Every structure is written in structure tokens, then in C-alpha cells.
């Protein structure tokens, strides 16, 4: 099958929603192209040579027009969205782009896109239901799956115990609402062997045992995680978080880290079988305090995490994407009368 991917390489999740599926289907014998950085995202002349075009996140009148033109030429179109951009928090750098006075137009643009394309994909069951309510005829939930090389990362030897939080800037709202600043300072005071590392969001902790890394390339993520002992995934109970994916826990598990997470959205129902524990809003200090002091419990959970994540790689789930593309191509054939 000839496939084209349209994605913004600056989007945080373009790796999971475009590049990983693209690379996996190439391994299955399909032909793949995608827009390159600096290239206009939609080139109808080039895209028309594909049997199916996979569009990640793009919305609006111009995007919709190209989708319709592709469909008129017999091309199947898949639209993927992994974030609830209609409920974006103020701490997200894209808030002004999607919210406030612009939100009604964004909602209408989503409705127009999901009603037009052949198949809609998302990693979130919550978003899937919203897209169906918006008029999408065919919606599939496909989780974010890891590159095959991520699981099995060897730990990097270090002193003490390190807590790591992979946190984009949008997680400022979680940090504030769950009062994690005071919690982490208390833990640093109580445990001289403790270190805290945040990637993305700066936590403002006044301690020589706190480290902030502003950015990590996707390919380097396993190596950075290998410096830690505990991964955390705190979420406040807001609509945006209800529609997130569970991939952060997979990333922690791939590095052999036990994790602690909020029982919100994608993490609800997960637990020891996946290598971690769920923590109520007021339980972060006690849960972390116990985990820091119990190496045996960390080791037990890490083993479960490593076992679980072996089944969460893209090569083991590429068939889900292939099925979507086959069905989008079939829809295009029916539309053009070729079926």
C-alpha cells in the first residue's frame, strides 16, 4: 500500500502518532512518504499519489479543502488527534491558539474534519467518544506504542534514589493543584540520598539535589530515564487530562522504573500489573516516602513493569494501523465506485 503522512515535527507526539506507525508499516512492506520539516504540510499533487493519507492533528479550512480534494481523487484519508485541544489548559503554550474566543471555531473545525475523513484515530477512549458525538462514522482507539528499542534500557549506576518526572509545560497546572512543590521539598529534606530530576517543566526547587533538563530528544529518552529510580505521573482532575494517553507509564516501564500516577483518565485501572501504584491527590508525600525507603518494593514493581512493557511496542501492534489504512482505502474505493 502507498501511504503518505502529514504531521508537524514540532508536535510533541508526532513520533507516536506518525513516525513510529510509518516506520513500522515500512517494515511490513508498505511504501511511505511524509512531509519534511520546512515543507508545506499539504502538497495535493504529491499526496494524490498515495492510496491513503494519514493526517496528524491538522485542522481548518485549508486542511479540510485538501482532504476533500484528495477524496475526490480516490484517496482514503485518516485523521489522527491525540489531544483534547478544545479543553486545553492555560499552562499549555498553545492555549491562545485553541481557546478563548477561538474555541467555538476549533470545535466546528474538529466536527467538520471528523465528519469528512474516512477513519478517525486517537489513543484516547474519551476522545474517541467525543469524535463519535461530533459525527465521525468510524473511530478507532490505537494506543501510543513504544519504539522496539526502548524496552530493556540498562540502568545507569548512580548514588541514592532519583525521582524523575517527564512533564511538558502544560503540567504546571498539575504541579500547582497537587501542591507538589512543597511535597518534593519535604522529601528532599527528609531523605539526604534523594535527587529529583524534571524533564521539560522546571519545578523551581531550591536544592542542589534538584536538576532540570529543559529538553530531551525523543531518541535519547531511554538513556535519560535510566538515570532514575522512580517515575511519577501526577495529573489534576481536569477535562484535558481525562483525554490523555498512558504512554508516559510505558516510557517509565521501558527503562525499568516503578511508577506512581494519579488515578485519572488514562491511568485509571492501571497498577501493580503494569509496574506501579495509583496515588490520590492528597497521598503523594506518603506514597513517595514509602517508595524511596523501600528498595525491595521498587525492584518488585520494576520487574512487573519490564514484563508488561514488552508487549507495548509498535511492532507488536502495527496490525492495528494496517487495518485502519486498509479500511480507509476500501472506503475510498466505495466512494469512487471501484469496489
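What about residue 132, is it surrounded by fewer than 16 Cβ atoms within 10 Å (Cβ to Cβ), part of a helix (DSSP H, G or I) and touching a helix residue (DSSP H, G or I) at 6+ places or on another chain (Cβ under 9 Å)? I'd like the intermediate steps shown before the answer.
Details: surrounded by fewer than 16 Cβ atoms within 10 Å (Cβ to Cβ): yes; part of a helix (DSSP H, G or I): yes; touching a helix residue (DSSP H, G or I) at 6+ places or on another chain (Cβ under 9 Å): yes.
Spelling it out, residue 132 is indeed surrounded by fewer than 16 Cβ atoms within 10 Å (Cβ to Cβ), part of a helix (DSSP H, G or I) and touching a helix residue (DSSP H, G or I) at 6+ places or on another chain (Cβ under 9 Å).
Looking at the range 253-269, can you tell me whether even one residue there is buried (at least 17 other Cβ atoms within 10 Å of the Cβ), touching a helix residue (DSSP H, G or I) at 6+ places or on another chain (Cβ under 9 Å) and free of Cβ contacts under 8 Å to residues at least 24 places away in the same chain?
no
What number of residues in the range 22-33 are modelled with pLDDT under 95 and in contact with a helix residue (DSSP H, G or I) (Cβ under 6 Å, 6 or more places away or on another chain)?
1
If you scan the range 144-162, which residues turn out to be farther than 16 Å from residue 255 by Cα, at pLDDT 95 or above and surrounded by fewer than 19 Cβ atoms within 10 Å (Cβ to Cβ)?
Step one: of the range 144-162, the residues farther than 16 Å from residue 255 by Cα are 144, 159-160.
Adding the requirement that they be at pLDDT 95 or above leaves 144, 160.
If the condition is that a residue be farther than 16 Å from residue 255 by Cα, at pLDDT 95 or above and surrounded by fewer than 19 Cβ atoms within 10 Å (Cβ to Cβ), then 160 is the only one that fits.
Do you know which residues across the range 273-289 are more than 25 Å from the chain's Cα centre (by Cα) and over 14 Å from residue 232 (Cα atoms)?
282
Residue by residue through the range 1-23, note down the ones that are free of Cβ contacts under 8 Å to residues at least 60 places away in the same chain and assigned to a loop (DSSP other than H, G, I, E, B). Steps first, answer last, please.
The first filter runs over the range 1-23 and keeps only residues free of Cβ contacts under 8 Å to residues at least 60 places away in the same chain, leaving 2, 4-11, 14, 19, 22.
Within the range 1-23, 7, 8, 9, 10, 11 meet the criteria.
Among 67, 77, 53, 26, which is the only one that is assigned by TED's automatic domain parsing to the domain that holds residue 102, in contact (Cβ under 8 Å) with a residue 60 or more places away in the chain and either within 23 Å of residue 93 (Cβ to Cβ) or in contact with a strand residue (DSSP E or B) (Cβ under 6 Å, 6 or more places away or on another chain) (or both)?
Working: 67 fails: in contact (Cβ under 8 Å) with a residue 60 or more places away in the chain; 53 fails: in contact (Cβ under 8 Å) with a residue 60 or more places away in the chain; 26 fails: in contact (Cβ under 8 Å) with a residue 60 or more places away in the chain.
When all the criteria are applied, what remains is 77.
The values are calculated or read from the model by the stated rules, or taken from the named source; none is laboratory data. Keep in mind that this is a model prediction, so the values were computed, not measured. Using ideal geometry, Cβ is built from the backbone for each residue, glycine included, and neighbour counts are taken over all protein chains shown.
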